[in-house]
Amino acid sequence: MNCETVQENLSLYLYGELNFHDEEQFDSHIAECAFCSAALDRERTWHAAALSKSSDVPMDLLSRCRRDLSRTLDALQPPKPSRWEQFLETLDIRPSHWSTQLAVASLLLCVGFYSARLLGRQSEATGGGFSSSNDMSLLSPGPSNPVRFIRQAEGGDPDRIEIGVDEVRPHRLLFRRDDPALERWAIATVAEADDPSLRLDSIELLSSRPCAAGKSALLAALRDANTAVRHRALSALEPCAPDQAVQDTVVQVLATDQCPRLRMEAIEFLAPPTGPVTVRRQFAGVLQGVVERESDGHVRLRCERVLQDIKASPVTY
Amino acid sequence: MNTRAETIRSTDAVGRAAERADESALIRAAQQGNQEAFEQLVRNYDQSVLRLALNLLRSPEDARDIYQEAFLRVYKNLHTFRFDCSFNTWLYRIVSNLCLDQLRKRKVRKEESPSVSTREGEMDRFEFIAEERAGVDPQRSLMSAELQSKISEVLSSLTNRERLVFEMRHYQGMRLRAIGESLGTTEEAAKNCLFRATQKMRTALGAYA
Ligand SMILES: [Zn+2]
């Protein structure tokens, strides 16, 4: 490979899109040619720079999209009268051979047993108190609902067949807004969900009553790995701003959070420009510390403004 | 503070392998009308789809439309999916067609009325997220604003197809072969597109690097 060919293939090489032979030729040329080696370094640099230009998707946009789609799909759902027939078909059984109604009844009984077990397990974990739509007509045969056994039902009646279904399909739980179990689900989701948009939605739920048990979940969310989650948690905590534990944690955020924008919001949170000056004065020491250590110019400037406002000298305090 | 992120990252590879194995099962379940399976399938891909739409169209509202339309088409046509290409390729065929259509429509609109709104206000949030990321990594924040704006400039000077191929390769990490399949063309044609895109980037950015 000569210099010209190498220069043309810099990007394809970095993408790993050269074939085995070309890549070998490329490697051995680079090892010997300082000029091309430098060009490869430059190529690598703009690759990295362009990558940093790509943004993470805004989580609230994502969750809005998911909600829209879910709504559209719900509206599209056809009524499902033929599930049972489909089910029998997959088992290669013709309904006419059976007393269909009886069989449906035993299926429902059996499924009822399994879902009761599942729900029982969930109730233990959460302390119960929720209701489930628990709609049996949604149960469909398929990989997520494997059939475990088919047998004659107990009692010796040849017309009664029992089918055991291990239901692993997720449940839909319906809550009223004031149901305390709803809050427990939201708290668990803020702490556990891998999907940041779910954590965001849960914070949304908690923010309507943040001074109850949800508060500590929101405080924990201030240390979430996802920046959008931390932002949302901070604004959800606003009604609890006078709370000492909340203030302590927000001071931590101001001192340690990596996102300058969030640090800026932490200042507003602790020392709201519209609030009484006594509140702002309370944090003069903290803000003074920020002015001394803060690397971000905007954040520093905001602190200095607040400090000027409360007439505490930003230089000596 | 990053414990969660690190845990997720370390289990990512394992999780992804398991996801691939589960994917055909998921698709079959969705084809049989299992809505939960369909929603799971959506969740496996929707962040990448939204990112692609957002990067290409640079408008959250347009990206939102593409998201809806793409997954609705997937939903309506999933029964025609025959596993003769990867689901990823099939999905991106839908998404890239929608994005190209949208970009084409915009061009027409622009030619019809030069004063069409650029929806720049909508991009505020988008830019804000980008700025946030810059704050996360000190190395990135050192990257001169000039270089970043140059990159935007070059990206918007690419043709729609060059841009699409570049996004799919550079940001989505798709193989050229899959890109070709998604765009209904050959790997070679996708490569040529990428070739032109990277050449423009190199020419414009070489001096900054
Ligand atoms: Zn050379």
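The values are calculated or read from the model by the stated rules, or taken from the named source; none is laboratory data. Note that the structure is a prediction, hence the values are computed from the model and not measured. Cβ: placed from backbone, ideal geometry, glycine included. Neighbour counts: every protein chain shown.
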**OP:** Kindly indicate the residue of the range B:161-178 that is free of Cβ contacts under 8 Å to residues at least 60 places away in the same chain and over 13 Å from residue A:50 (Cα atoms) and also surrounded by the fewest Cβ atoms within 10 Å (Cβ to Cβ) among those meeting that condition.
**Re:** B:173
**OP:** Quick one: which residue in A:34, A:75, A:38, A:48 is surrounded by fewer than 17 Cβ atoms within 10 Å (Cβ to Cβ), within 12 Å of another protein chain (Cβ to nearest Cβ), within 16 Å of the ligand (Cβ to nearest atom) and modelled with pLDDT of 75 or more?
**Re:** A:38
Original post:
Do you know which residues across the range B:60-89 are of a type in the set (Val, Ile, Thr) and exposed (fewer than 15 other Cβ atoms within 10 Å of the Cβ)?
Top reply: B:80
Subject >> Candidate set: the range A:1-25, residues that are near the ligand (Cβ under 10 Å from one of its atoms) and not β-branched (Val, Ile, Thr); chosen: the one surrounded by the most Cβ atoms within 10 Å (Cβ to Cβ) >> reply: A:1
Original post:
Given the conditions (1) over 30 Å from residue A:187 (Cβ atoms); (2) modelled with pLDDT of 90 or more, which single one is not true for residue A:288?
Top reply: (2)
**OP:** Grab the helices (runs of 4 or more DSSP H) fully contained in the range B:105-186, keeping just those with 1 or more residues being facing another protein chain (nearest Cβ under 9 Å) and modelled with pLDDT under 55.
**Re:** B:124-136, B:138-142
Original post:
So which of B:51, B:28 ends up being modelled with pLDDT of 90 or more, within 23 Å of the chain's Cα centre (by Cα) and among the basic types (Lys, Arg)?
Top reply: B:51
